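Have a look at the structure below, then the notes.
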């Protein structure tokens with residue numbers, strides 16, 4: 001049984017907006033990503049998605065309600081079907097919790113679309 | 001859509017070893033708990049359980065392999081069926097990810113057994 005130390009894990013994450021699988025449980029995945037700038041608007045048809053900020057700051061922009069501003073330690077669940085766009089004004093480390101197999105850009109395919117790799 | 005700020009959430013958590021539901025997604029729950037001392041040995045028949053330390057330090061004792069020592073930010077997944085005992089030498093704040101409805105003492109009923117309440 002191996003613990004995950006995010007500080008060590010992030011040492012092997014270079015690309016922006018590319019979630020890496022740090023752990024899996026109950027059909028869900030814990031993913032780590034470094035992000036900066038604006039992501040793409042998208043939603044997930046069948047997946048609620050939790051965003052937690054580990055370091056930095058993240059804004060979850062939403063179409064029909066006020067943006068959610070996350071500081072380190074804070075998290076929010078974006079329900080399935082809700083269009084959202086994560087934006088980070090600075091280099092930011094985030095943790096995601098969502099069903100294994102969830103694609104980062106949801107219903108949209110763009111140059112940001114990647115398949116999550118498992119961290120070694 | 002309401003974010004969760006653990007620092008605020010913990011202000012309303014008094015009891016030790018009593019997980020409170022901070023968010024639910026995809027049939028899973030994110031729970032927060034303050035812990036100190038030794039918990040009871042137990043396992044969960046049908047639930048993998050993630051332990052993450054937010055503040056303090058937690059040891060996950062295991063029967064058949066080395067203990068896992070968690071510092072702030074670190075996490076581990078205890079697979080279903082694996083007997084474990086969380087121990088905290090100091091007051092420690094932890095976050096759990098596990099299926100909604102998981103009982104804190106798993107297969108064991110003791111004076112530590114509680115039903116998780118939802119944070120307001």
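Every number in this text was worked out from the coordinates using simple rules, so none of it is lab data. The shown structure was predicted, so the numbers you read here are calculated from the model rather than taken from an experiment. Every residue, glycine among them, receives a Cβ derived from its backbone with ideal geometry; neighbour counts consider all protein chains shown.
Residue count for region A:16-30, restricted to those that are at the interface with chain B (Cβ under 10 Å from one of its Cβ atoms) and either part of a loop (DSSP other than H, G, I, E, B) or farther than 25 Å from residue A:85 by Cβ (or both): 5. Of all residues in region A:31-48, none are within 10 Å of chain B (Cβ to nearest Cβ), touching a residue at least 24 places away in the same chain (Cβ under 8 Å) and under 30 Å from residue B:59 (Cα atoms). In summary, residue A:60 fulfils each of the numbered conditions (1) free of Cβ contacts under 8 Å to residues at least 40 places away in the same chain; (2) within 11 Å of the chain's Cα centre (by Cα); (3) surrounded by fewer than 19 Cβ atoms within 10 Å (Cβ to Cβ) with the single exception of condition (3).
Considering B:65, B:69, which residue is part of a strand (DSSP E or B) and surrounded by fewer than 16 Cβ atoms within 10 Å (Cβ to Cβ)? Explain how you work it out, then say what you get.
Details: B:65 fails: part of a strand (DSSP E or B).
B:69 is the lone residue from the list that is part of a strand (DSSP E or B) and surrounded by fewer than 16 Cβ atoms within 10 Å (Cβ to Cβ).
What do you reckon, is residue B:54 touching a residue at least 12 places away in the same chain (Cβ under 8 Å), crowded, with 22+ Cβ neighbours inside 10 Å and under 12 Å from the mean Cα position of the chain (by Cα)? Can you show your working first?
Details: touching a residue at least 12 places away in the same chain (Cβ under 8 Å): yes; crowded, with 22+ Cβ neighbours inside 10 Å: no; under 12 Å from the mean Cα position of the chain (by Cα): yes.
It is false that residue B:54 is touching a residue at least 12 places away in the same chain (Cβ under 8 Å), crowded, with 22+ Cβ neighbours inside 10 Å and under 12 Å from the mean Cα position of the chain (by Cα).
Each residue in region B:1-15 was checked for being in contact with a strand residue (DSSP E or B) (Cβ under 6 Å, 6 or more places away or on another chain) and away from chain A (no Cβ under 12 Å), and 1 of them qualify.
For residue A:102, are the conditions met, namely being under 23 Å from residue B:102 (Cβ atoms), more than 8 Å from chain B (Cβ to nearest Cβ) and either in contact (Cβ under 8 Å) with a residue 12 or more places away in the chain or surrounded by 15 or more Cβ atoms within 10 Å (Cβ to Cβ) (or both)? Yes: the conditions hold for residue A:102. Picking from residues in region B:72-89 that are more than 8 Å from chain A (Cβ to nearest Cβ) and part of a strand (DSSP E or B), the one that is surrounded by the most Cβ atoms within 10 Å (Cβ to Cβ) is B:86.
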